[in-house]
Amino acid sequence: MTADANAQKKRLIAMFVINAVCFVLAGVAIYGAVSLRIDWLRLVFLGAIIAGLGSHVWFILGWMRGSKGEGASS
């Protein structure tokens, strides 16, 4: 496996971990906001969603940066 492929694999695993944490956090936050009526948890829910989407953007930008060096001459 090349160094770029290793970096992408690490970035993918990091994205999965961040998404799993954000998923659980968002679930707990929306439960607390809706069922327990703790209003500030809506901001936690929104923050978890933004962080999860941000991890996707971070992964895709790293993938695009890594694929630029492959010399796509088509």
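If you check residue 51 against the conditions, is it open to solvent by less than 80 Å² (accessible area, probe 1.4 Å), modelled with pLDDT under 95, assigned to a helix (DSSP H, G or I) and not hydroxyl-bearing (Ser, Thr, Tyr)? It is false that residue 51 is open to solvent by less than 80 Å² (accessible area, probe 1.4 Å), modelled with pLDDT under 95, assigned to a helix (DSSP H, G or I) and not hydroxyl-bearing (Ser, Thr, Tyr). Just one of the listed residues (17, 28, 44) is open to solvent by less than 50 Å² (accessible area, probe 1.4 Å) and of a type in the set (Val, Ile, Thr), namely 44. Given the condition charged (D, E, K, R), open to solvent by less than 90 Å² (accessible area, probe 1.4 Å) and part of a helix (DSSP H, G or I), answer yes or no: does some residue in the range 1-8 qualify? Yes; the residues of the range 1-8 include at least one that is charged (D, E, K, R), open to solvent by less than 90 Å² (accessible area, probe 1.4 Å) and part of a helix (DSSP H, G or I). Every listed requirement among (1) part of a loop (DSSP other than H, G, I, E, B); (2) touching a Phe, Trp or Tyr at 6+ places or on another chain (Cβ under 7 Å) is met by residue 36 save one, (2).
The values are calculated or read from the model by the stated rules, or taken from the named source; none is laboratory data. Only a predicted model underlies this, so the values are computations on that prediction, with no experimental measurement involved. Ideal geometry is used to build each Cβ from the backbone, glycine not excepted, and the neighbour counts take in all protein chains shown. All accessible areas refer to the heavy atoms of the entire protein, side chains included, with ligands and DNA or RNA removed. Shrake-Rupley method; radii C 1.70, N 1.55, O 1.52, S 1.80 Å.
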